[in-house]
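The values are calculated or read from the model by the stated rules, or taken from the named source; none is laboratory data. Note that the structure is predicted; figures quoted are calculated from it, not measured. FYI the Cβ positions are ideal-geometry reconstructions off the backbone, even for glycines, and counts take in every protein chain you see. We work out accessible area using only protein heavy atoms, side chains counted, and drop any ligands, DNA or RNA first. Shrake-Rupley method; radii C 1.70, N 1.55, O 1.52, S 1.80 Å.
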Amino acid sequence: MSKIVMKFGGTSVGTLDKITNIAKRIQNEKEKGHDIVVVVSAMGKTTDDLNLLASKITDSPVKREMDMLLSTGEQVTMSLLAIQLNSLGVEALSLTGWQAGIQTDDVHRNAKISQLNGNKINEYLDGNQVVIVAGFQGISLEGEITTLGRGGSDTTAVAIAAAIDAEICDIYTDVDGIYTSDPRYILDARKLEQLEYDEMLELANLGAGVLHPRAVEFAKNYKIPLRVRSSYEETEGTILKEEVDVEKNLVVRGVAFESDIVRLTIEYEVPFNGSLASIFTTLANNNIDVDIIVQSIVEGIKPTVSFSIKKESLSEAIEVLETNKKTLGFTFADFEVGLAKVSIVGSGMVSNPGVAAQMFDRLSRENIPVKMVSTSEIKVSVVVPQGNMIQAANALHNEFELAISR
């Protein structure tokens with residue numbers, strides 16, 4: 001029998017009725033002869049509600065205790081689904097992340113999976129049981145409960161698929177696949193039948209919320225076929241693979257955008273030596289992710305380095321920089337909020353020069369100011385005023401004719 005992993009997100013398990021519907025879907029797959037592992041998120045907005053409860057006590061809750069709190073959300077879902085499946089006559093049992101053998105590093109609130117032994121899960125599968133695993137969580141070497149950050153259940157699902165050598169990992173969501181852009185804001189966005197791992201990895205890192213970037217990394221590294229499907233409709237969805245065999249002539253394959261970006265600028269009195277590495281090493285050691293970096297050294301003007309971070313990391317970044325100000329050698333730090341990042345992605349960009357120029361030209365014609373730029377072989381990102389984010393995304397989607405199937 002083939003092994004499959006089915007992952008259901010928060011909106012898919014938001015009510016008891018939805019859990020019942022999912023249980024019937026799992027039952028149908030089981031009756032086809034598959035060995036099934038199910039990974040679940042917390043119901044609906046449970047994680048947000050738990051965060052809100054903690055915020056009513058303090059603005060700075062201890063991260064260890066937040067992991068203890070937030071990990072309970074997925075455990076509620078897994079237990080209810082197991083109860084429902086057993087009531088339908090499908091033998092099932094639920095496992096927390098640590099019971100399933102998911103070992104992580106010791107970074108609370110944003111841990112990474114370091115090891116996953118699939119033997120225990122395989123034992124239950126050999127007993128013809130459906131195994132339901134709580135996503136988003138694991139246990140560190142020190143025995144501490146950890147969580148994997150937003151979207152971590154995707155990562156759990158793909159990691160399990162790799163550990164048990166599953167035939168495919170299906171990610172069930174409230175959309176029926178991956179689109180050329182977010183269809184809630186880009187009205188002519190079109191569903192893609194296939195997408196390359198690298199393209200999806202860029203889109204995920206650049207704000208497309210359909211899949212967690214680490215999940216895509218796992219799928220790419222272990223060559224796990226990854227499919228995004230609807231929780232409510234029987235559709236094929238979008239499959240991720242090493243190379244796509246359709247729409248080869250599309251240079252740009254998607255437009256992603258992300259709000260609440262902050263540009264942080266550090267100023268020096270004199271040209272600096274080696275401190276550029278020190279800045280980003282210090283931030284990295286404090287688990288602060290930095291994206292676009294712009295260095296400016298012009299004769300007669302004080303040298304600066306600017307970089308973009310997410311708004312949620314601003315206060316911590318400022319604190320880290322101020323604490324290490326003397327060591328890092330800068331004199332002044334400032335930040336600009338109210339920004340957004342808009343990106344175009346496509347593996348065809350490697351062999352098609354002029355894509356960035358076309359992007360900048362269209363943004364200029366739309367009178368949208370570009371504040372920062374970042375490029376790679378298969379993407380170009382710009383930071384723009386947040387008020388222009390949706391306008392820019394729609395304009396670029398139109399510019400590269402993504403609504404047209406080829």
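Observations, loosely collected:
- Within segment 129-139, being open to solvent by less than 10 Å² (accessible area, probe 1.4 Å) and within 25 Å of the chain's Cα centre (by Cα) holds for Val131, Ile132, Val133, Ala134, Gly135, Gln137, Gly138.
- Set side by side, the residues Lys120, Lys45 differ, and just one is closer than 21 Å to Thr155 by Cβ and out of contact with any strand residue (DSSP E or B) (no Cβ under 9 Å at 6 or more places or on another chain), which is Lys45.
- The set of residues in segment 173-189 that are assigned to a loop (DSSP other than H, G, I, E, B) and hydroxyl-bearing (Ser, Thr, Tyr) comprises Thr180, Ser181, Tyr185.
- Scanning segment 337-359 for residues that are without any contact (Cβ under 8 Å) to a residue 12 or more places away in the chain and assigned to a loop (DSSP other than H, G, I, E, B) yields a count of 2.
- Residue ranges of helices (runs of 4 or more DSSP H) in segment 250-336 with at least 2 members out of contact with any His (no Cβ under 9 Å at 6 or more places or on another chain) and crowded, with 16+ Cβ neighbours inside 10 Å: 275-285, 314-323
- Filter result (at positive phi and surrounded by 20 or more Cβ atoms within 10 Å (Cβ to Cβ)) within segment 152-206: Gly177
- Among residues of segment 50-76, those that are open to solvent by less than 10 Å² (accessible area, probe 1.4 Å) and more than 21 Å from the chain's Cα centre (by Cα), counted: 0
- In segment 113-123, the residues that are surrounded by fewer than 24 Cβ atoms within 10 Å (Cβ to Cβ) and either out of contact with any Ser or Thr (no Cβ under 7 Å at 6 or more places or on another chain) or farther than 14 Å from Gly101 by Cβ (or both): Gln115, Leu116, Asn117, Gly118, Asn119, Lys120, Asn122, Glu123
- Qualifying positions in segment 141-151 - open to solvent by less than 40 Å² (accessible area, probe 1.4 Å) and over 25 Å from Lys310 (Cα atoms): Ile145
- Subset of segment 194-226 (residues that are more than 13 Å from the chain's Cα centre (by Cα), in contact (Cβ under 8 Å) with a residue 60 or more places away in the chain and not in a helix (DSSP H, G or I)): Glu196, Ile224, Leu226
- Contact map, segment 62-89: residues that are modelled with pLDDT under 95 paired with residues that are hydroxyl-bearing (Ser, Thr, Tyr) and part of a helix (DSSP H, G or I), Cβ distance under 6 Å, separation 6+ or inter-chain. No pairs are found.
- Pairs linking a residue in segment 114-136 that is of a type in the set (D, E, K, R) to a residue that is surrounded by fewer than 17 Cβ atoms within 10 Å (Cβ to Cβ), with Cβ atoms under 8 Å and 6 or more positions apart or on different chains, are Lys120/Gln99.
- Residue in segment 360-375 that is surrounded by the fewest Cβ atoms within 10 Å (Cβ to Cβ), counting only those that are in contact with a strand residue (DSSP E or B) (Cβ under 9 Å, 6 or more places away or on another chain), touching a residue at least 24 places away in the same chain (Cβ under 8 Å) and of a type outside the set (Lys, Arg): Val373
- As a summary of the residue check, Lys24 satisfies the conditions (1) within 18 Å of Tyr172 (Cβ to Cβ); (2) open to solvent by less than 80 Å² (accessible area, probe 1.4 Å) except for the one numbered (2).
- Filter result for Asp126 (closer than 27 Å to Ile4 by Cβ, touching a Gly at 6+ places or on another chain (Cβ under 8 Å), open to solvent by 40 Å² or more (accessible area, probe 1.4 Å) and of a type in the set (Asp, Glu)): no
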